[in-house]
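Chemist: Following this message is one structure expressed as structure tokens.
The values are calculated or read from the model by the stated rules, or taken from the named source; none is laboratory data. Every value quoted in this text rests on a predicted model; they were computed, and no experiment measured them. Every residue, glycine among them, receives a Cβ derived from its backbone with ideal geometry; neighbour counts consider all protein chains shown.
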Amino acid sequence: MKKILILSPGEMGAAVGDVLNQNGFEIFGILNGRSEATRLRATSVGFRDVETLKKGLEHADIVFSILPPSEAKSIATKVAELMAGILEKPFYVDCNAVSPESAKEVAAILKLGGAETIDCGIVGNPPGGSQKPTRLFVSGPNAPVMDAFDGMGIEIKQCGPVIGQASAVKMVYAGVTKGVSALCANMLIAAERLGVGDIAHEEFQYSQEALYRRMENLTPALPAVSGRFVGEMEEIAATCLSVNLSAGFHQGAADLYRLLERSPFADEIRETVDRERGLRTTIKGCSEIS
């Protein structure tokens with residue numbers, strides 16, 4: 001496998017494509033109709049534009065789908081329709097943050113087009129954004145195919161032969177990390193609206209120093225990514241329901257991220273987040289949303 005189609009070259013997709021390109025793989029994307037920022041991001045790290053999904057599938061040995069969760073099934077349907085007419089079908093790696101049940105639905109959709117799916121959950125910052133490599137948890141009968149990419153700026157973690165196992169890891173992990181971020185932001189906004197923001201921040205700094213540092217580091221960027229997090233929280237809620245646990249916490253987290261989507265900072269993307277704007281300013285701005 002040398003030719004990889006990545007759907008799509010957003011922040012994570014472009015970073016994954018970048019490290020694979022650096023390791024000798026040919027990276028393709030569909031840049032037609034994308035924003036100038038997205039096109040620049042992709043071409044600057046070596047993406048070649050194949051213009052259409054059909055051409056991309058015909059070129060590729062393997063496809064990485066890295067999209068918002070809400071798009072996972074619709075893109076799988078489009079791919080399956082086109083795969084039916086392709087003789088040598090590429091593997092399809094579903095890297096979207098979806099529940100195990102959704103992952104199985106995606107695999108079933110692709111099967112109708114004769115394609116084989118690998119379940120994948122991406123954990124960590126985009127490659128290059130941390131000293132630790134980004135981990136790709138994978139599962140399914142064809143998951144060993146992914147070992148070809150291990151050590152190339154990403155780490156492959158095999159989870160087993162069943163579609164949904166990798167997505168389960170992603171749901172559990174993101175349910176904690178992004179769930180905690182939502183909980184912290186929610187209660188700090190509540191403190192502002194209750195008129196006790198000064199006291200609450202001082203107490204967190206005094207008695208929860210590590211947690212407060214985490215809030216300082218992560219919260220200002222949440223409005224920039226909240227649009228993607230809504231669907232992920234809903235998939236995590238569905239995952240909890242599937243094992244007879246309450247979905248309420250993560251449904252509430254989805255509501256919090258919807259609120260952040262309406263904040264004065266929601267037009268930012270991760271690359272353009274105002275690094276000078278601190279935690280308190282961010283929370284105050286978000287607390288004023290009706």
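Chemist: I want to confirm something. Restricting to segment 169-192 and keeping residues that are among the polar types (S, T, N, Q) and under 21 Å from the mean Cα position of the chain (by Cα), which single residue is surrounded by the most Cβ atoms within 10 Å (Cβ to Cβ)?
Modeler: Only one residue fits best here, namely 181.
Chemist: Sort out which residues of segment 97-132 are surrounded by 22 or more Cβ atoms within 10 Å (Cβ to Cβ) and either of a type in the set (Val, Ile, Thr) or touching a His at 6+ places or on another chain (Cβ under 8 Å) (or both), and write them in order of number.
Modeler: 98, 106, 109, 117, 118, 122
So that you can scan it fast, the table gives a plain yes or no per residue for (1) over 19 Å from the mean Cα position of the chain (by Cα); (2) at pLDDT 95 or above:
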| site | (1), (2) |
| --- | --- |
| 203 | yes, yes |
| 211 | yes, yes |
| 216 | yes, yes |
| 222 | no, yes |
| 228 | no, no |
| 232 | no, yes |
| 247 | yes, yes |
| 268 | no, no |
| 271 | no, no |
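Yes/no matrix, rows are residues, columns are (1) out of contact with any Ser or Thr (no Cβ under 9 Å at 6 or more places or on another chain); (2) closer than 30 Å to residue 236 by Cβ; (3) among the aromatic types (Phe, Trp, Tyr):
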site: 40; (1), (2), (3): yes, no, no
site: 46; (1), (2), (3): yes, no, no
site: 50; (1), (2), (3): yes, no, no
site: 54; (1), (2), (3): yes, no, no
site: 59; (1), (2), (3): yes, no, no
site: 64; (1), (2), (3): yes, yes, yes
site: 67; (1), (2), (3): no, yes, no
site: 76; (1), (2), (3): no, yes, no
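Chemist: Residues being under 21 Å from the mean Cα position of the chain (by Cα) and either assigned to a helix (DSSP H, G or I) or touching a residue at least 24 places away in the same chain (Cβ under 8 Å) (or both): count how many of those fall in segment 1-33.
Modeler: 21
Chemist: Filter segment 34-65 down to the residues that are touching a residue at least 60 places away in the same chain (Cβ under 8 Å) and buried (at least 20 other Cβ atoms within 10 Å of the Cβ), then identify the one that is nearest to residue 106 (Cα to Cα).
Modeler: 64
Chemist: If you scan segment 93-129, which residues turn out to be among the polar types (S, T, N, Q) and in contact with a Gly (Cβ under 7 Å, 6 or more places away or on another chain)?
Modeler: Of everything in segment 93-129, just one residue is among the polar types (S, T, N, Q) and in contact with a Gly (Cβ under 7 Å, 6 or more places away or on another chain), namely 117.
Chemist: Could you name every one of the helices (runs of 4 or more DSSP H) located completely within segment 180-290 that has at least 1 residues being within 22 Å of residue 11 (Cβ to Cβ) and of a type outside the set (Lys, Arg)?
Modeler: Counting at least 1 such residues, we get 209-218, 222-242, 248-261, 279-287.
Chemist: If you take the residues of segment 156-168 that are in contact with a Phe, Trp or Tyr (Cβ under 9 Å, 6 or more places away or on another chain) and farther than 22 Å from residue 237 by Cα, which of them is surrounded by the most Cβ atoms within 10 Å (Cβ to Cβ)?
Modeler: Once the filter is applied, the top-ranked residue is 156.
Chemist: For residue 228, are the conditions met, namely being assigned by TED's automatic domain parsing to the domain that holds residue 172 and either small (Gly, Ala, Ser) or closer than 23 Å to residue 67 by Cβ (or both)?
Modeler: Considered against the rule, which asks whether it is assigned by TED's automatic domain parsing to the domain that holds residue 172 and either small (Gly, Ala, Ser) or closer than 23 Å to residue 67 by Cβ (or both), residue 228 comes out as yes.
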